[in-house]
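Below is one structure, written out as structure tokens; comments come after it.
The values are calculated or read from the model by the stated rules, or taken from the named source; none is laboratory data. Computed from a prediction, not measured in an experiment: that's the story for all the values here. Please note: Cβ atoms are built from the backbone with ideal geometry, for glycine as well, and neighbour counts cover all protein chains shown.
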Amino acid sequence: MLVELGHFALILSLLVAITQGVLPLAGVLKSNALWQSTARPLALLQWSLVAFAFAVLEVAFLQSDFSVVYVSEHSNSLLPWPYKMAALWGGHEGSLLLWVFLLGVWSSAVAMFSKTLAQDMVARVLSVMGMISSGFLLFILTTSNPFLRLLPAASEGQDLNPLLQDPGLVIHPPMLYMGYVGMSVAFAFAIAALMAGRLDTVWARWSRPWTLVAWTFLTFGIGLGSWWAYYELGWGGWWFWDPVENASLMPWLVATALIHSLMVTEKRGSFKAWTVLLAIAAFSLSLLGTFLVRSGVLTSVHAFASDPARGIFILVFLALVVGSSLTLFAWRAPTVSLGSPMGLLSRETFLLANSVLLSTATLAVLLGTLYPLIIDALKLGKLSVGPPYFNVVFAPLMVPVIFMMVPGALARWRQAQWSQIKPFLILPFFAATIFSLGLSLWMGHQDAGILLGFWLGAWVAFASFQQIAWRAKQGLRMSGSFLGMQLAHLGLAVVVLGVTGVKNFEIERDVRMGVGDQVTLAQYHFKLIGVKEVRGPNYKALRAQVDVTKGESESVIKTLAPEKRYYLSSTMPMTEASIDSGFMQDLYVSLGDVLNGDTPQWSMRVYYKPFVPWLWAGVLLMVLGGLLASFDKRYRAPILSGDKEEGADQSLGRESSHNGDSLPVASTPLA
Amino acid sequence: MIQKKFLIPLVLFLVLVVFLGVGLRRDPKEIPSPLINTAAPDFELPTLKGEGNFSPKAYLGRVWLFNVWATWCVSCREEHPVLVAFAKREGVPIVGLSYKEIQPSDEDKGPMSLESKLSLARARSFEWLKKHGDPYQLSVLDLDGRVGINYGVYGVPETYLIDTKGFIRYKHIGPVTPEVLAQEVMPLVHELQKEASTNSWPNTSRNAELAPSTPQSFAPSYALK
């Protein structure tokens, strides 16, 4: 009965969403204030209904109600309860429900935190979000209903895919989806501004915190996904350039460009058309990601659920949403003013260059991801594009982006003076040079690529430290925006150092080991002590004991216990790698198949992965930076009503006193 | 008022949609083999049981399956019971290609001579077939994987259907399932056999060629190791 109520609530929410998509917008066109004012309550009502349906499905999972097809296919009575809850998004139908639920969270947040926004803009924004919501609800109800009954009920569920039985699944999809769906807010604001013909600084100001929060979630979600793949899939890699990973990286790259471009639009009233295009692109790429994952149009390690019929629905929806947005863009963008003039050496220049490079990188990733599909569609054959393409194309584009992060953060708006930037470049330049030479000497191997990678990471990191230290010394107030930016930049620097380190210094050995055998990587000795059988709640496992010693010393510094799990409901054995994380490196062991001989031996993967913890630390720093910047007090201050098209100069005037995005000119050179 | 440059994103997107739409109708997992309908590459390889060499020429006139396998291959273990049941039920001979049985990891303790490789491969394969059942009429040892390359082996297991004239007519990548065998392989086998008998190709009498598909006992002359 409850399940039917959930289904019913979902149908009701579709009706409310359609109303939300139409009525407030009609109110804007007819200048009917009453109709416009329905936007907020409708958005809240729609979310409540979806939330109810979501809760009903959670209850069905927790109660192991196997009379529901979806529950019986993705859960099992033996499953620990956190996984029962997370199993809701372990399949296609539930993932979509989570998508719509989170879209409701964002819509409601917009409805609640937009008290100072003009009513007609609220109506437009929430209408756009209502339309998106309608599309997804219609998709769920027509092709992917999670509330379908199974009669007679199954006595036991088929269990959650063992690959997904991991703490990573509990949080990775909700975080990633929060990021994906959050891009809909920036999108809705952009579309609303295009419709109203008010692409002004107010619009940019409103979009900024929302985009930052969505970016933060997306960053966290991608980081979690990478971490999950690294230790759960047992392949020892943290990024595979897999289509689904690319699907999350593309919106992230565009969103990164967007948060910087929005800044220019807010402060200087420039790049408006470009910013709007980025906002549309960020959400379109999120939708494209959904299409790629859910339609099975590309093969991927993530292809849990693929179905061409569903693919057609998403494709049509994608074509409608993105096609109409870009049409609107083509129609309205030419009317947008060009904004304030800028000097060749100015913050605008650096941000524009970064924006263009990030967009180029996105296109390169998009091309690589879709190239096999395009070639296949043209009947030119089948091929796949692998990491070599992406590494070759992506890295050179990132080098100037990372290099310009430092002068970009230092330069003033409109016209910067070389003499003002220079003092802040000298210290990071020399510090990075010494650091990168020292680090690569210490790691015992040098080439130009390694030096450049270490240098770039250190360059950004030292610059961030210096700028924070300089401000602290001057006794200047540090706003959330400023600290957030520096932390996020520092985080990226740490990721760059980590990527350089792990790419160049990792050692991977696939070996066969019997009890008592030892293998040595770097200065670590791995000795197989034994393999025994253990039992888990819903699996049996073989667990190996591997003792690690370092250098000449006999004392065991760490005992690793990789497992090979056989889930009761699945024929596929699962590899549970055992990883010892230190400050500088991971030691990674996974247990493979038993190889029979006179004495039993096992195939084992033994990896020495330096710098991997740096990747996760860097992502966490970026997330922290994103949060600090999102909750800057400035965004909570009321916006002056006159702060519109002509507000560019006004905001410039406000800038030096009100916020600390850029460094005031150094009166005394530092270095 | 519309300027051309602002239409660029829309145009690019529409092109993308067309490709996505076409791509949706194609199966990304389907990998066509350029060898379909061409003569199966010839070879001569030692058989597992050591009764001399085998060449596909010897099977001219029969419709047979050529199955790539190895004891180290995890998916083969999944596929194996399907093949064993198939061999018992249907009269289609299956020839195994033991593909790169000796892996680089076997040579951890120094390089092995060809002789020791052969004997290790045989020992391991015998044991494996004893344990899991033997669906093969015979198996050949492709230690260096050259025959595999000629056949365009993409991953183990793979299965080829070869007709009476020695042409490859079908290829399946990955473990075969009972559905694949029933819905794709057997209809094609029947068609090919019919085709062959109407063409009065020699040696087409199907039953005459059938060997008992019971698990074979191992020749005692091959002592393990």
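Okay, here's what the table says:
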{"quantity": "When residues of the range A:507-522 are limited to those that are surrounded by 14 or more Cβ atoms within 10 Å (Cβ to Cβ) and not in a strand (DSSP E or B), the one nearest to the other protein chains (Cβ to nearest Cβ)", "calculated": "A:Asp517"}
{"quantity": "Tally of residues being crowded, with 24+ Cβ neighbours inside 10 Å and modelled with pLDDT of 85 or more across the range A:230-245", "calculated": "0"}
{"quantity": "Exclusive hit being in contact (Cβ under 8 Å) with a residue 60 or more places away in the chain, polar (S, T, N, Q) and within 14 Å of chain B (Cβ to nearest Cβ), set A:Thr349, A:Thr369", "calculated": "A:Thr369"}
{"quantity": "Residue in the range A:158-169 that is assigned to a helix (DSSP H, G or I) and of a type in the set (D, E, K, R) present", "calculated": "no"}
{"quantity": "Residue match in the range A:379-387 (condition: away from every other protein chain (no Cβ under 14 Å) and either on the phi > 0 side of the Ramachandran plot or not in a loop (DSSP other than H, G, I, E, B) (or both))", "calculated": "yes"}
{"quantity": "Subset tally (residues that are surrounded by 14 or more Cβ atoms within 10 Å (Cβ to Cβ) and free of Cβ contacts under 8 Å to residues at least 24 places away in the same chain) for the range A:390-420", "calculated": "1"}
{"quantity": "Residue in the range A:548-565 that is assigned to a strand (DSSP E or B) and touching a residue at least 60 places away in the same chain (Cβ under 8 Å) present", "calculated": "yes"}
{"quantity": "Unique residue being crowded, with 21+ Cβ neighbours inside 10 Å and modelled with pLDDT of 70 or more when the list is A:Ser284, A:Ser295", "calculated": "A:Ser284"}
{"quantity": "Candidates B:Asp42, B:Asp106, B:Asp27, filtered to the one that is surrounded by fewer than 20 Cβ atoms within 10 Å (Cβ to Cβ), modelled with pLDDT of 85 or more and among the acidic types (Asp, Glu)", "calculated": "B:Asp42"}
{"quantity": "Some residue of the range A:524-541 being within 32 Å of the chain's Cα centre (by Cα) and surrounded by fewer than 20 Cβ atoms within 10 Å (Cβ to Cβ)", "calculated": "no"}
{"quantity": "Criterion: buried (at least 23 other Cβ atoms within 10 Å of the Cβ) and part of a helix (DSSP H, G or I) - qualifying residue of A:Phe61, A:Phe52", "calculated": "A:Phe61"}
{"quantity": "Single unsatisfied condition, A:Phe317 versus (1) within 14 Å of chain B (Cβ to nearest Cβ); (2) at pLDDT below 90; (3) surrounded by 17 or more Cβ atoms within 10 Å (Cβ to Cβ)", "calculated": "(2)"}
{"quantity": "Counted residues, the range A:259-284 - those being within 11 Å of chain B (Cβ to nearest Cβ) and either under 30 Å from A:Ile312 (Cβ atoms) or of a type in the set (D, E, K, R) (or both)", "calculated": "6"}
{"quantity": "Hits in the range A:597-615 - residues which are aromatic (Phe, Trp, Tyr) and either away from chain B (no Cβ under 14 Å) or free of Cβ contacts under 8 Å to residues at least 24 places away in the same chain (or both)", "calculated": "A:Tyr607, A:Tyr608, A:Phe611, A:Trp614"}
{"quantity": "Failed item in (1) surrounded by fewer than 21 Cβ atoms within 10 Å (Cβ to Cβ); (2) part of a helix (DSSP H, G or I); (3) among the hydroxyl-bearing types (Ser, Thr, Tyr); (4) more than 10 Å from every other protein chain (Cβ to nearest Cβ), with A:Ser324 passing the rest", "calculated": "(4)"}
{"quantity": "Residue in the range B:74-85 that is nearest to the chain's Cα centre (by Cα), counting only those that are more than 14 Å from chain A (Cβ to nearest Cβ) and over 15 Å from B:Val156 (Cβ atoms)", "calculated": "B:Val84"}
{"quantity": "Subset of the range B:86-109 that is without any contact (Cβ under 8 Å) to a residue 24 or more places away in the chain and within 14 Å of chain A (Cβ to nearest Cβ) - its residue that is farthest from B:Met186 (Cα to Cα)", "calculated": "B:Lys109"}
